[in-house]
Amino acid sequence: MIKKIAVFISFLSVCSFSFGQTDSSKAVAAPPPPTFTGSLDVYYRYNFANAKDAEGKPITNNYTSFTNSQNSFEIGMASLQAAHSFGKASVFADLGFGRRAQEFNYPDGDGGSGTGGNNYFSLASVKQAFVSYAVTDKFKLTMGKWATHVGYELADAYLNSNYSMDYMFSYGPFSHTGIKADIGLGGTNALMIGVANTTDNSTTLSSRKYAIAQFSTATKNSKLKAYFNYVGSYGGSMSSTQLDLVLMGTVTDKFSIGYNGTVKMVDPEGGDNASSWGSAVYLTASPSSNFAITLRGEYFGDEKDAFGLGTNVFDLTLSPNFKIGNLTIIPELRMDSGKDDLFTDHDGNATKSTFTGILAATYHF
């Protein structure tokens, strides 16, 4: 009998130890591993005017971001992203290296061209870096630096159908550093509101801040999505307001339409008010999973110099996309035409129009 009791007690001890081990492992469960992604883009650009300045140096005939080269093979940007979440908290870091990243972060380091900047060279590689906390499933707070919500096109080349950028992207905001709240409004409706440093500045001594907002909605089948965007400054001697609309529509499984319209109003102290606007349409046909082609038509009306170009210009860009897994090859043709003589022809004379060819490749993982 005593032996049976001893065996029973031993059995209970083993069970207790096993359950204790199980409960303990639950209490100290390891967080999930972080995820790592990345991308790379390379390109060759040739402006058919092949113009030279008085010193024999190439004139690129380029007034948009990331492709300011002529007859040269170029590395666009190598990007590495790391993301991690545990419970309600998450973190995201996005580092970029190359001319594209340097131009994207133009206020940092030497300013991207050796003529200015804040001399924080380590910041010149930080495209995005933020922490988030989901207070509820419909309310999330984010603090740090993130890519702008304004506009149709994105800084990472593999996310765009056209390789070269439009004027609205090039003269609009690139990023915001501040704090924002993402609020689910039910159904397909959502609201983002926040406050940030002066546009594109990841560090600043200025007290001037920008209010930012986005209202997004979609049809129940998500075939039509709409984003209403706002950026407006307060504080300081200059007032700046930009309103932006992005529409994305899926007509069929092989054809889609995108639209971006924007208007910017500035009110400098002691100066005249100015307003400018832009509008672009993106038509994309995808006859197969390995091939798509996008035609972009954009009019950028900046004659009053609210954005910084100072004239009106139209661009028409045709971009076939040949896809081999995560690799996309883009042979692109582009025509730019200005109201004024913005460009230079082969003989060095001012001209209103110019044509450019690009061969680009992007890869993401």
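Of the strands (runs of 3 or more DSSP E) that lie entirely inside the stretch 79-157, those containing 2 or more residues that are of a type outside the set (G, A, S) and in contact with an Asp or Glu (Cβ under 8 Å, 6 or more places away or on another chain) span 126-136, 139-147.
Being surrounded by 13 or more Cβ atoms within 10 Å (Cβ to Cβ), at pLDDT 95 or above and of a type outside the set (G, A, S) is true for just one of F48, F73, F36. Which residue is that? Result of the check over F48, F73, F36: F48. Selection within the stretch 45-78: residues that are aromatic (F, W, Y) and assigned to a strand (DSSP E or B). The member of this set that is nearest to A30 (Cα to Cα) is F73.
Residues are listed down the side, and each one gets a yes or a no for (1) free of Cβ contacts under 8 Å to residues at least 40 places away in the same chain; (2) of a type in the set (A, V, I, L, M, F, W, C); (3) over 26 Å from T250 (Cβ atoms); (4) crowded, with 16+ Cβ neighbours inside 10 Å:
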position	(1), (2), (3), (4)
K264	no, no, yes, yes
S275	yes, no, yes, no
R296	no, no, no, yes
D302	no, no, yes, yes
N312	yes, no, yes, yes
T328	no, no, no, yes
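In a residue-by-residue description of the stretch 202-223, the property of being under 30 Å from M335 (Cβ atoms) and either surrounded by 15 or more Cβ atoms within 10 Å (Cβ to Cβ) or in contact (Cβ under 8 Å) with a residue 24 or more places away in the chain (or both) applies to no position.
In the stretch 238-259, the count of residues that are touching a Lys or Arg at 6+ places or on another chain (Cβ under 6 Å) and closer than 15 Å to F307 by Cα is one or more.
Restricting A306, A280, A361 to residues that are crowded, with 16+ Cβ neighbours inside 10 Å, within 24 Å of Q70 (Cβ to Cβ), in contact (Cβ under 8 Å) with a residue 24 or more places away in the chain and in contact with a Phe, Trp or Tyr (Cβ under 9 Å, 6 or more places away or on another chain) narrows the list to A361. Checking S85, S113 one by one, the residue that is more than 26 Å from D41 (Cα to Cα) and either modelled with pLDDT of 95 or more or not acidic (D, E) (or both) is S85 and no other. Looking across the stretch 314-341, just one residue is closer than 12 Å to F291 by Cα and of a type in the set (K, R), and that is K323.
The values are calculated or read from the model by the stated rules, or taken from the named source; none is laboratory data. Everything numeric here is computed off the predicted structure, so don't read it as measured data. Here Cβ is always computed from backbone atoms with ideal geometry, including for glycine, and neighbour counts include all displayed protein chains.
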